Amino acid sequence: DAGITQSPRHKVTETGTPVTLRCHQTENHRYMYWYRQDPGHGLRLIHYSYGVKDTDKGEVSDGYSVSRSKTEDFLLTLESATSSQTSVYFCAISAARESQPQHFGDGTRLSIL
Amino acid sequence: GESVGLHLPTLSVQEGDNSIINCAYSNSASDYFIWYKQESGKGPQFIIDIRSNMDKRQGQRVTVLLNKTVKHLSLQIAATQPGDSAVYFCAEPLRGYNKLIFGAGTRLAVHP
């Protein structure tokens, strides 16, 4: 299994609070991704990174920000959580953009009340 | 736009039988495809991939077939086991973007 650790694995918080999710990899892969998975929508890309301090938006980036200060860590922040951001969040990594598979962590289940 | 989809939402099989999970894609320029397995409470797990210069690729108990003429993928699982019960996705990188296009998924239920 790819060395990907997501933390926390579960979190319950209140609307309006800031939340940060962490993804840590031990594979030294260049590309890292944040997805959310919701029933009826499948996996949707939030943000991705193509190197240290190099990030870009995915298809559902509103309300989320990311940071990557080290190759191994990719942080996802909800500045002011809303109930619509209740979801399961997955981090993924890949060695190349289009010709190598992405490998996923086991997710963070986030509930916003 | 480009999309990757699945024909069957649920597939039930008997333990020991072979399973076939199908996937259609719409972008004829796609040249790389991936199959993932997702068990309850876990992230998608890479199973096997195939490039468009191949028609078939085999792994351990799994085979992926690619028919570019009809833009169709299938995942064959031999001697299906209870541990194979999961949701299976096909996925395709969207060329020029850092994005995987996932199908909706097929749930495989293996019965003893």
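Overview of values
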item	result
Count of residues meeting criterion [within 13 Å of chain A (Cβ to nearest Cβ), within 13 Å of the chain's Cα centre (by Cα) and under 21 Å from residue A:99 (Cβ atoms)] in the range B:60-108	8
Any hit, the range A:81-104, residues being within 14 Å of chain B (Cβ to nearest Cβ), of a type in the set (Ser, Thr, Tyr) and surrounded by fewer than 18 Cβ atoms within 10 Å (Cβ to Cβ)	yes
Those strands (runs of 3 or more DSSP E) lying entirely in the range B:4-81 with at least 2 residues touching a residue at least 12 places away in the same chain (Cβ under 8 Å)	B:10-14, B:19-25, B:32-38, B:45-51, B:62-67, B:72-77
Residues satisfying the stated conditions in the range A:29-60, i.e. of a type outside the set (Asp, Glu), more than 26 Å from residue A:3 (Cβ to Cβ) and not in a strand (DSSP E or B)	A:39, A:40, A:41, A:60
Residue satisfying all of: in the range B:40-59; open to solvent by 20 Å² or more (accessible area, probe 1.4 Å) and within 12 Å of the chain's Cα centre (by Cα); nearest to the other protein chains (Cβ to nearest Cβ) among these	B:46
Residue tally, condition more than 24 Å from residue B:38 (Cβ to Cβ), open to solvent by 30 Å² or more (accessible area, probe 1.4 Å) and without any contact (Cβ under 8 Å) to a residue 40 or more places away in the chain, over the range A:25-80	12
Subset of the range B:57-68 [of a type outside the set (A, V, I, L, M, F, W, C) and closer than 19 Å to residue B:93 by Cα]	B:57, B:67, B:68
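The values are calculated or read from the model by the stated rules, or taken from the named source; none is laboratory data. Note that the structure is a prediction, hence the values are computed from the model and not measured. A quick note on method: Cβ atoms are made from the backbone with ideal geometry, for glycine too, and the neighbour counts reach across all protein chains shown. When the accessible area is computed, the model is the full protein with side chains, heavy atoms only, and any ligands, DNA or RNA have been set aside. Shrake-Rupley method; radii C 1.70, N 1.55, O 1.52, S 1.80 Å.
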